[in-house]
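Taking it in order: structure first as structure tokens, then the write-up.
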Amino acid sequence: MNNKNLTLSIIFPTLNEGENLKSLIPEFINVLEQSEVETFEILIIDDGSTDDTKKVVGLFDSNSVKLIQRNSKPSLPMSIWDGIDKSNFNYVMWLDADGSMSANDAGVLIKKQKENLNAVIVGSRFVEGGGYKGTLLNQKNKLYNSLKNLRKSQDSFTAMYLSLIFNKFLSLISTNSIKDMTSGFIIGKKEYFSITPFKQAFYGDYFVYLINELKFKNLEIIEIGYQCGLRMHGMSKTGSSLLSLIRLGRPYIKAALKSRRS
């Protein structure tokens, strides 16, 4: 395949992210138009929003920006799967709609994909060039700087800190070498992705199952560093209390341990 024939569906699973979409959609359109992708679509997979998401999406060209409203039980992994299943093009990318994963970083992943058409490209906070909450991974006093940045947003320090711990722990107990096991920022051929990892997951643990499945299929996975930013508007869906984050962490550990038995 000539890389100019790469066609791409961008998937945003959303729940009350209308304020973020106002800026994300035009930013992504601009990057996609400059990326030499032959054609693209942006799919907003809405999981029951009560804000102005529908109105915001309606402001954009319906041929390239589409709203898909789910009528099933709210589910992050199944929202992503619905986007993959309903996508029209041969490559798919999905990412959070909170602004922490920028259009420019998506452009970097797309460029890497065009150079490695048969690989899966993962945006990683924990490899060279990566960073967390506006702080580079190898930056001095990175924890202190992250704390200063967090004060400017609705993000939680507890959520950030436990995410860092979980990723290190998941990498240790899993059988693969991927550093960012909860990335949720990825691009690859649509045909590579099956419903299984999404259907068996509770929440973001789908990504652990997914990486395990891709490794089992002997697919090449390339991690590209990106600087995870702050949530632009709204509240995190993962919760901020220690108890809720420990509860959410259990499925991730289960998914990682399952890879050792595969």
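A few remarks follow.
- Checked against the criteria, Ile29 does not count as in contact with a Phe, Trp or Tyr (Cβ under 7 Å, 6 or more places away or on another chain) and either surrounded by 15 or more Cβ atoms within 10 Å (Cβ to Cβ) or over 15 Å from Ala97 (Cβ atoms) (or both).
- Ala97 meets each of the listed conditions (1) of a type in the set (A, V, I, L, M, F, W, C); (2) touching a helix residue (DSSP H, G or I) at 6+ places or on another chain (Cβ under 8 Å); (3) over 27 Å from Ile195 (Cβ atoms) apart from (3).
- Residue that is surrounded by the fewest Cβ atoms within 10 Å (Cβ to Cβ) [pool: residues in region 8-26 that are among the hydroxyl-bearing types (Ser, Thr, Tyr) and under 17 Å from Ile68 (Cα atoms)]: Ser9
- One residue alone among Thr182, Thr175 is modelled with pLDDT under 85 and within 15 Å of Ile211 (Cα to Cα), and that residue is Thr175.
- Residue check: Ile211 meets all listed conditions (1) modelled with pLDDT under 90; (2) buried (at least 20 other Cβ atoms within 10 Å of the Cβ) but one, namely (1).
- Pair list, Cβ under 6 Å, 6 or more apart: region 70-94 residue farther than 21 Å from Ser183 by Cβ, other residue in a loop (DSSP other than H, G, I, E, B): Arg70/Asp47; Pro74/Asp47; Pro74/Gly48
- Within region 30-44, considering residues that are assigned to a loop (DSSP other than H, G, I, E, B) and over 11 Å from Ser9 (Cβ atoms), the one modelled with the lowest pLDDT: Glu36
- The sole residue among Asp51, Asp85, Asp61 that is acidic (Asp, Glu), part of a loop (DSSP other than H, G, I, E, B) and out of contact with any Gly (no Cβ under 9 Å at 6 or more places or on another chain) is Asp61.
- Looking across region 80-133 at every residue that is surrounded by 22 or more Cβ atoms within 10 Å (Cβ to Cβ) and of a type in the set (Lys, Arg), the one that is farthest from the chain's Cα centre (by Cα) is identified as Lys133.
The values are calculated or read from the model by the stated rules, or taken from the named source; none is laboratory data. Bear in mind that the values here come from a model prediction, so they are computed numbers and not experimental data. Neighbour counts run over all protein chains shown; Cβ positions are idealised from the backbone, glycine included.
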